[in-house]
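Heads up: the structure comes next, in structure tokens.
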Amino acid sequence: MTKIAIIGGTGLTRLDDFKLDEQNTVTTRWGDPSAPLSFGQLAGYPVVFLPRHGNSHHLPPHKINYRANIQALKDTGIQSIIAVAAVGAIDPELGAADIVIPDQIIDYTWGRSSTFYEDSMTPVTHIDFSWPYSQQLRQRLIQTASDNMIPIVEQGVYGCTQGPRLETAAEIIRMERDGCTLVGMTGMPEAALARELEMDYACCAVIANAAAGKSSDQISMEDIEETLRIGMKNVYRLLNFFVADFSD
Ligand code: HPA
């Protein structure tokens, strides 16, 4: 049975070398996931792929049904999720197209359905979220990158903003003071929901741009897309090696 899923973000709405076996349109008690689940093989190993923003990249971060996405993967028997995400760099040491495996999150989102534990039938539940990503999965990603000489940054604090607009320069200064090194819009509640369902979840973040105020250039979608085209090449390589290591 397939045990690992890849959630693709901006710049990764499809996996180039993925051999599709079947697409399953599934639904959950929370509604429909962003797209049908794609069952297939990466590097010859079974993987489920789900594009977070939908097949045609039409869902903005605050409109994604994160609960349906995570529940659909859980119902399929998935135990481990690698979430690929485009982010802005707050830490000036980070460069365009760098890959970061974050180890912490600060959540600035609001108004998103962010828990499975909120209807009257479920007891109040507080998950331990001290370390929001699976340390085991992170270490495996880091080891795979090192074994195959794929440069990555082994730690990062992912600040998750509401979007869809980009941040102001002052917001980024505040986030930097808080300790964020990266900024993205989709890391939460995805990571917390995976933890609630006791799934292993790690993030592979790709630097698409310098965060607001961190560069004299205006941030443009064209530049972001161009940078991601480069950055995602290394992500594909990492994922290919990773699924092979993971399945052995
Ligand atoms: N801010 C928030 N999300 C992002 C950014 C950014 O600068 N770049 C890519 N995703």
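Residues checked against (1) among the aromatic types (Phe, Trp, Tyr); (2) without any contact (Cβ under 8 Å) to a residue 24 or more places away in the chain:
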position	(1), (2)
ASP98	no, no
TYR108	yes, no
THR115	no, no
GLU118	no, yes
VAL124	no, yes
PRO151	no, no
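The requirement of being basic (Lys, Arg), touching a Ser or Thr at 6+ places or on another chain (Cβ under 9 Å), open to solvent by 10 Å² or more (accessible area, probe 1.4 Å) and modelled with pLDDT of 95 or more is fulfilled somewhere in the range 50-70, by at least one residue.
Within the range 50-92, the set of residues being more than 15 Å from the ligand (Cβ to nearest atom) and part of a loop (DSSP other than H, G, I, E, B) comprises GLY54, ASN55, SER56, HIS58, ASN65, THR76, GLY77, ILE78, GLN79.
Within the set ALA43, ALA86, ALA35, ALA68, the sole residue that is among the aliphatic types (A, V, I, L, M) and closer than 19 Å to VAL206 by Cα turns out to be ALA86.
The numbered conditions (1) away from the ligand (no atom under 14 Å from the Cβ); (2) in contact with a helix residue (DSSP H, G or I) (Cβ under 7 Å, 6 or more places away or on another chain) are all true for SER247 except (2). Going through the range 164-220 one residue at a time, which ones are open to solvent by 30 Å² or more (accessible area, probe 1.4 Å), within 15 Å of the ligand (Cβ to nearest atom), assigned to a helix (DSSP H, G or I) and farther than 15 Å from LEU94 by Cβ? Matches in the range 164-220: ALA169, ALA170, GLU171, ILE173, ARG174, ASP178.
The values are calculated or read from the model by the stated rules, or taken from the named source; none is laboratory data. What you see is a predicted model; the values in this text were computed from it and never measured. Here Cβ is always computed from backbone atoms with ideal geometry, including for glycine, and neighbour counts include all displayed protein chains. Just the protein is used for accessible areas: all its heavy atoms, side chains included, with ligands, DNA and RNA removed. Shrake-Rupley method; radii C 1.70, N 1.55, O 1.52, S 1.80 Å.
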